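Since the structure comes first, as structure tokens, the remarks are kept for the end.
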Amino acid sequence: MPRTFRDLIAENRRKSALLVVGFLAFFTITVYVFTLYATGADPRAGLVPTLVGLGIGVLLAFFSYQAGAGAILAMSGAKPIKKEDDPQLYNVVEELSIAAGLPLPRIYLIDDTAMNAFATGRGPRNAVVAITKGLRERLTRDELQGVLAHEMSHVRNYDIRFAMLLAVMVGLLALLADGFRRWMWWGGGRRRSSRDSGGALMAIIAIFAILFSIVAPILGKLIQLAASREREYLADASAIELTRNPEGLASALEKLGKDQEVLEVANRATQHLYIVNPFKPFETRSKGLLSTHPPLEERINRLRALEGASRRSTPVGS
Amino acid sequence: MLGILIFLGLVVVLVMAAIGIYNSLVGLRQQVKSAWSQIDVQLKRRYDLIPNLVETVKGYAAHEKQTLERVIQARNAAVAAQGVAAQAQAENVLTGALRQLFAVAEAYPNLKANENFLQLQEELASTENRISFARQNYNDTAANYNTRAQSFPAVLFARMFGFMPAEFFEIQNVTEREAPKVAF
């Protein structure tokens with residue numbers, strides 16, 4: 001039986017909850033190991049700071065959920081626009097929200113000539129779609145519809161919730177790991193030398209601590225990879241369920257692929273949100289094996305394969 | 001004694017399950033209704049745009065009287081149409097008339113450059129999309145509701161409580177109705 005978007009929603013909700021639990025566990029264990037390392041391996045001394053650490057972790061998770069979308073939008077330099085600013089863009093989004101049976105998301109514009117777009121938020125009631133000026137200006141109406149339908153599918157399927165949590169949490173972990181590396185560099189854990197007992201244990205913990213500081217960013221990266229590639233295919237497919245016009249999205253992706261420009265406002269933590277990888281020029285965009293996005297050529301081919309299966313009649317006046 | 005307790009417990013569980021299913025059916029039926037009314041909202045939007053469009057075109061292409069009148073007539077017929085089938089028929093005539101109007105407009109460069117006309121053209125194109133998307137969404141919602149109402153165990157009492165299957169909105173163009181086969 002084929003999976004419907006209702007199954008996807010359930011899956012994304014589950015994954016988001018798992019992500020929060022995983023983040024808390026990882027955060028708490030990390031704090032515990034760090035404190036052991038800093039206090040010279042006294043397990044009891046580690047308990048209180050760990051509880052404090054757990055508390056901070058809960059606060060961070062709450063922050064990620066409540067303010068994640070705002071943080072991502074601020075990081076990307078996206079600004080809200082009104083209907084008067086761009087009636088056509090608004091119309092296209094309104095049409096798609098009717099097609100998907102969702103409330104109208106807020107619409108943001110990123111003042112950048114690179115071509116890209118993303119959606120974020122906790123869920124359909126708190127969703128934002130953002131598009132760069134470069135992309136907005138270079139797409140026809142049908143192509144714009146395809147791109148935004150892709151974003152609306154992320155909204156409808158609750159991909160945005162999972163991706164938002166991932167972005168903010170990975171960002172936070174990377175910050176912490178950076179801070180820790182700097183702290184060690186400047187002579188953290190100096191008490192090591194003043195103790196004789198438990199030297200072996202100390203050494204093990206020290207290795208663990210260093211490993212954590214290296215592993216945290218890599219782990220974050222891996223999660224993002226696992227999360228994103230299938231999601232992009234699914235969002236392309238659900239976009240066509242909405243628009244019934246594969247060619248719109250396919251030719252938009254073609255244009256996106258030809259764009260060589262790097263989107264400066266994107267970073268490691270937010271790259272998986274975008275419709276195409278914001279860093280790489282076309283050759284790598286289309287072939288990258290270890291990439292957050294599937295190859296563009298493959299996405300276009302899959303869409304063109306649907307072309308014969310459905311064709312919406314051309315609307316009046318277009 | 002124990003037997004009675006177990007029996008009562010079972011009854012309570014069954015009643016709770018039935019209430020749960022009943023409520024979810026009510027929710028789904030409500031979604032179907034609101035999806036249906038969304039179609040009407042969009043149709044009305046189109047009726048409201050047409051007089052403006054006709055006025056704008058008149059200013060540049062007054063001697064296309066016949067085309068303009070056909071649009072007005074088709075609009076009024078669609079507004080007055082009663083019943084789903086009659087309305088669908090009238091809407092089709094209106095869509096055809098509008099398409100012809102925009103084809104005629106191609107011959108008037110001044111009209112095509114008119115800000116107001118361009119805006120109306122965009123709004124009408126958008127409305128066409130809204131109408132077909134609203135129908136599409138209605139059918140999806142109706143299909144979801146029907147599936148739930150006809151699945152076991154809901155099917156046992158759905159009709160008893162007045163959960164009738166929702167009708168689909170039929171579209172003449174067969175290719176338009178079918179969702180593309182999407183392999184996940």
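The values are calculated or read from the model by the stated rules, or taken from the named source; none is laboratory data. Please read these numbers as outputs of a predicted model, since none were measured by experiment. Note: ideal-geometry Cβ built from the backbone for every residue, glycine included; neighbour counts use all protein chains shown.
Counting the residues of segment A:229-265 that are farther than 16 Å from residue A:301 by Cα and surrounded by fewer than 24 Cβ atoms within 10 Å (Cβ to Cβ) gives 8. Looking across segment A:73-106, just one residue is at the interface with chain B (Cβ under 10 Å from one of its Cβ atoms), free of Cβ contacts under 8 Å to residues at least 24 places away in the same chain and part of a loop (DSSP other than H, G, I, E, B), and that is A:101. Output yes when any residue across segment A:31-39 is at pLDDT 85 or above, surrounded by fewer than 17 Cβ atoms within 10 Å (Cβ to Cβ) and either out of contact with any Cys (no Cβ under 7 Å at 6 or more places or on another chain) or in a helix (DSSP H, G or I) (or both), and no when none is. Taking every residue of segment A:31-39 in turn, none turns out to be at pLDDT 85 or above, surrounded by fewer than 17 Cβ atoms within 10 Å (Cβ to Cβ) and either out of contact with any Cys (no Cβ under 7 Å at 6 or more places or on another chain) or in a helix (DSSP H, G or I) (or both). Look at (1) more than 14 Å from chain A (Cβ to nearest Cβ); (2) at pLDDT 90 or above and you find that residue B:63 fails only one, number (2). Considering segment B:71-95, the residues that are within 14 Å of chain A (Cβ to nearest Cβ) and out of contact with any Asp or Glu (no Cβ under 8 Å at 6 or more places or on another chain) include one that is surrounded by the most Cβ atoms within 10 Å (Cβ to Cβ), namely B:94.
Applying the set (1) within 14 Å of chain A (Cβ to nearest Cβ); (2) in contact (Cβ under 8 Å) with a residue 12 or more places away in the chain; (3) under 30 Å from residue B:151 (Cα atoms) to residue B:30 leaves exactly one unmet item: (2). Screening residue B:157 against (1) modelled with pLDDT under 80; (2) surrounded by 13 or more Cβ atoms within 10 Å (Cβ to Cβ) leaves a single unmet condition, (1). The single condition among (1) of a type outside the set (Lys, Arg); (2) crowded, with 17+ Cβ neighbours inside 10 Å; (3) part of a helix (DSSP H, G or I) that residue B:166 does not satisfy is (3). Based on this model, can you work out whether residue A:162 counts as aromatic (Phe, Trp, Tyr), out of contact with any Pro (no Cβ under 7 Å at 6 or more places or on another chain) and at pLDDT below 70? So residue A:162 fails the test. Just one of the listed residues (B:101, B:68, B:49, B:124) is touching a Leu at 6+ places or on another chain (Cβ under 8 Å) and more than 12 Å from chain A (Cβ to nearest Cβ), namely B:68.
So, residue A:55, is that one at positive phi and without any contact (Cβ under 8 Å) to a residue 24 or more places away in the chain or not? So residue A:55 fails the test.
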